Amino acid sequence: MRGRWLAALGFLLLVGMVSGGCVAPQAEEGKLRVVATTTIVGDVVRHIGGETVALTVLLPPGADPHAFEATPQDMARVAEADLLFVNGAGLETFLDPLLENAGGHAEVIDLSQGVPLRAFREKIAAGEAAEEAPPDPHVWTDPNNVLIWTETIEQALSDADPTNADRYRHNAAAYREHLHSLDAWIRDEVAQVPPERRLLVTDHLFLGYFADRYGFEQIGAVIPGYTTVSSPSAQELATLEEAIRQYGVPAVFVGATVNPALAEQVARDTGVKLVPIYTGSLTGPDGDAPTYLDYMRYDVQAIVEALR
Amino acid sequence: MRRGKRRPAAFFGGPHALHRPGADVLSVQGVTVRYGPHLALEAVSFTVRRGEQIAIVGPNGAGKSTLLKVIAGVIPPDEGVVQVYGDEPDRHVCIAYVPQRSAVDWRFPITVYDVVMMGRLRKHGLFRPPRHEDRLKVEAALATVDMVSMARRQIGQLSGGQQQRMFIARALAQEASLMLMDEPLTGLDLPAQEQILRILDELRKAEVTVLLSTHDLEQAADRFDRLLLLRRRLIAFGRAEEVLRPDLLLEAYGGRLRLVPMADRVLAVADSCCGHGETEVDR
Amino acid sequence: MSAWLLEPLRYAFMQRGFLAALMVGIVCAVVGTYVVLRGMAFFGDALAHSILPGIAVGYLVGGGDRGILFWWSLGTAIVAALGIGALSRRTQVKEDTAIGIIFAGAFALGIALISTVRSYSVDLAHFLFGDVLGVSPADLRLMALFGAAILFVVFFAYDAFLVVSFDPIFARTLRLPVGFFDSLLLMLIAVAIVVSLQTVGVALMVAMLITPAATAYLLTRRLPAMMGVAALLASLAGVIGLYLSYYFSVASGAAIVLVSTCFFGLAALFAPERGWLAARRRRPSAHT
């Protein structure tokens, strides 16, 4: 009986010692293995990489980038990847521990490099100095930032896979055309909204870059701060409702990733309209916003409709 | 709880109190025990000589169990002193205590053999495994109580009598000098009781001092050197004919008692409890 | 078939997850044997929940450093174990109510503290439900060290624990320091919980402690066998649970507990003597 114990002990100790990393799988011949974090990043990467890369997107459609729980399969994909494209600027809080633990040899491409980041400032947030606020990570709401993404992506893909560099350059150029068209179209749409009505109240503050580029103002959000995983205090909700009444805001824009009950309550209390838009994620192929371009068009149309 | 000066070595094992030469096996002086406001024992005093077998008798609630626990060192007296071989019982490991049966989880996954081996714990040391000698003693104890064939059974499979014999075997395995048993015969049928009484005869030969409590006055009178009649206070202590007197029994048992004449004496047989009411004295 | 078995093992994080699940399963099964036999399931659950404020402080103070988290959890666990133990000893009857109030309050305190951090929900989920895929080599070493220490103490004090658990009054007549061994056992449970936190989290911890041991109880007759079978079942549940988690993308802690519970269900039905079917098959007149 006691021998059994010593055996168990020995086993445990042995097992504990052999705790270093073991052999990681080698990259197979063939396509470049690429992982993207959000659906938006993934969409842009797909347009540039095309069929030449094997792309996996970590977050499924509708998932919240701020609160993400990796499954073993996700970690396996990361472990095997050659390139990992991330939004950066603090959007993916789950990323560091994930990367540390998954192991593997992926090169992390931070798409926020080269993008002029804005600090978080917000009209009703009292006394927050500009330099203290963290950077706003929702860079994609301004297509001009996505233009910078395409350069970074093209560069990274070409470096990792020089044989297909021409293809990547071609795809990137084509996509940039679309982005330019999108930018022009947005300017036309937005012109329909009188300046005094260009006030945005959302469920969380993700439209900062859009607001800066196209002349809007983020008045406030149901959830203060830029993350969706905190809950507002009673005081914060009250302040928001006050601001809505004060500025005469006609609509509150909410996405699918945040608990709608809070936004519904604010809308009910202040008598404004609740307008659904897409915030941090694209939809599936059958939805309204399967690609980034569709996503932007849908949201801008909804905003303009509501505020016109 | 009055801990006393406990030597560090004695915490886990190591030498315990020696038996002082010339000291009585057991000396109880002025022992009083209270459970909250309730007085369980009051100023009980007596001594027991080596090798004696004493029966403790008295009605329910008389404090028989309490007295045995105090002598075993399981509970401390509130007043008074108990000395075993001249020292506090707390410092001895030569005292075996067999409580009333119900105190144990019968579904515990151990066998009869395991339970009896527990009695050897102090002999082989707390952190050392049992030796060959210990195994021999366990087997001998099991043989004495006639439980060798049951040794590998899980304890839940035992009958009442077998359970009792198992605990006695454990006490035997301890090689104790002083055995304290709390109603070992209660609830057993006559053959089972006889088995246990035979073991007591064996113990007498080994000069082990025994105190046990019982409800059966006839058995007590028959097989034991002295009787201790208890009802919170010591009513009487001595040989059967000195103790089993109608007036003393009346004092101990209160109301309900039947006196049955025998050839050379009158035997008092107690009914279940200590009630108020008339004494029936049949002559 | 073998490709299917081997695929998850290609990844270092899965290998570490398996090792963690194995170690934790074995340690919890051994300690859990005492928890089951002594009727301490409620205590075990209360203790696991009471650790949350300590984790929270470690989380806030260390900012996610797992080492700091571990030591804060350990300290809190030991204090909580001794405290709850003292509480249930002070009164003759176990004070279920008092323990319940205290552990629920401590649990709420932990949640409140953690929620002061704006991005807390994922981390809180990890503390509550485990994060076995997040086990790092350093975590594994701590688990191995303390797990081995626990097994060593159980091995060393085996006889003492046996007597103290089975018959504390007899233990007292042998002049064993019953209070000491009771407290030691409480501390072993506390350390086992802390070691296991990363695999199943606070909310599911009690299952790791009691389910394999309870299953083994139905299948064995002697204590060493019970511990061995419990350890085996826990290891199996850990491995199978992780495979399920890998192939079906379900939370790993929950998967392990579900497998363990299935084993218990099977044993409850089919165990040779103590199972439900066996009891039905015995004729009503026969009586053990």
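So, in the range C:148-173, of the ones that are out of contact with any Lys or Arg (no Cβ under 6 Å at 6 or more places or on another chain) and of a type in the set (S, T, Y), which residue ends up nearest to the other protein chains (Cβ to nearest Cβ)?
Among those that are out of contact with any Lys or Arg (no Cβ under 6 Å at 6 or more places or on another chain) and of a type in the set (S, T, Y), it is C:T173.
Give me a count of the residues in the range C:186-218 that are farther than 24 Å from C:F127 by Cα, of a type outside the set (G, A, S) and out of contact with any Pro (no Cβ under 8 Å at 6 or more places or on another chain).
Going through the range C:186-218 one residue at a time, the tally reaches 2.
Considering (1) crowded, with 16+ Cβ neighbours inside 10 Å; (2) in contact (Cβ under 8 Å) with a residue 24 or more places away in the chain, say which one B:R152 fails and leave the rest.
(1)
Conditions tested, residue by residue: (1) farther than 24 Å from B:T186 by Cβ; (2) surrounded by 14 or more Cβ atoms within 10 Å (Cβ to Cβ).
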site: B:H124; (1), (2): yes, yes
site: B:R128; (1), (2): yes, no
site: B:D134; (1), (2): yes, yes
site: B:V138; (1), (2): yes, yes
site: B:L142; (1), (2): no, yes
site: B:V145; (1), (2): no, yes
site: B:S159; (1), (2): no, no
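Only one of B:A10, B:A40 is in contact with a helix residue (DSSP H, G or I) (Cβ under 9 Å, 6 or more places away or on another chain), farther than 13 Å from B:L228 by Cβ, modelled with pLDDT under 85 and hydrophobic (A, V, I, L, M, F, W, C). Can you tell me which?
B:A10
Can you name the number of the only condition in (1) more than 16 Å from the chain's Cα centre (by Cα); (2) of a type outside the set (K, R); (3) at pLDDT 90 or above that A:A119 fails?
(3)
Collect the residues in the range C:102-130 that are more than 10 Å from every other protein chain (Cβ to nearest Cβ), in contact with a helix residue (DSSP H, G or I) (Cβ under 6 Å, 6 or more places away or on another chain) and surrounded by 18 or more Cβ atoms within 10 Å (Cβ to Cβ), keeping them in residue-number order.
C:F103, C:A106, C:F107, C:G110, C:L113, C:I114, C:F127, C:L128, C:G130
Could you check how many residues of the range A:253-308 are closer than 21 Å to A:V193 by Cβ, over 16 Å from the mean Cα position of the chain (by Cα) and among the β-branched types (V, I, T)?
Residues meeting the conditions: 6.
Under 8 Å by Cβ, and 6 or more places apart or on different chains, what pairs join a residue from the range A:159-172 that is among the aliphatic types (A, V, I, L, M) with one that is modelled with pLDDT of 90 or more and assigned to a helix (DSSP H, G or I)?
Close Cβ pairs satisfying both conditions: A:A165/A:L157; A:A165/A:S158; A:A172/A:I48; A:A172/A:T150; A:A172/A:E151; A:A172/A:I153; A:A172/A:E154.
In the list C:L176, C:L133, C:L145, which residue meets the criterion of being facing another protein chain (nearest Cβ under 8 Å) and outside any helix (DSSP H, G or I)?
C:L176
Among the residues of the range A:75-112, how many are buried (at least 20 other Cβ atoms within 10 Å of the Cβ), more than 7 Å from every other protein chain (Cβ to nearest Cβ), free of Cβ contacts under 8 Å to residues at least 60 places away in the same chain and not in a loop (DSSP other than H, G, I, E, B)?
Here the count works out to 8.
Grab the helices (runs of 4 or more DSSP H) fully contained in the range B:117-182, keeping just those with 2 or more residues being out of contact with any Lys or Arg (no Cβ under 7 Å at 6 or more places or on another chain) and within 13 Å of chain C (Cβ to nearest Cβ).
B:121-124, B:160-173
The values are calculated or read from the model by the stated rules, or taken from the named source; none is laboratory data. Worth saying up front: this structure is predicted, and the values here are computed from it rather than measured. Every residue, glycine as well, gets a Cβ built from its backbone with ideal geometry; the counts of neighbours run over all protein chains shown.
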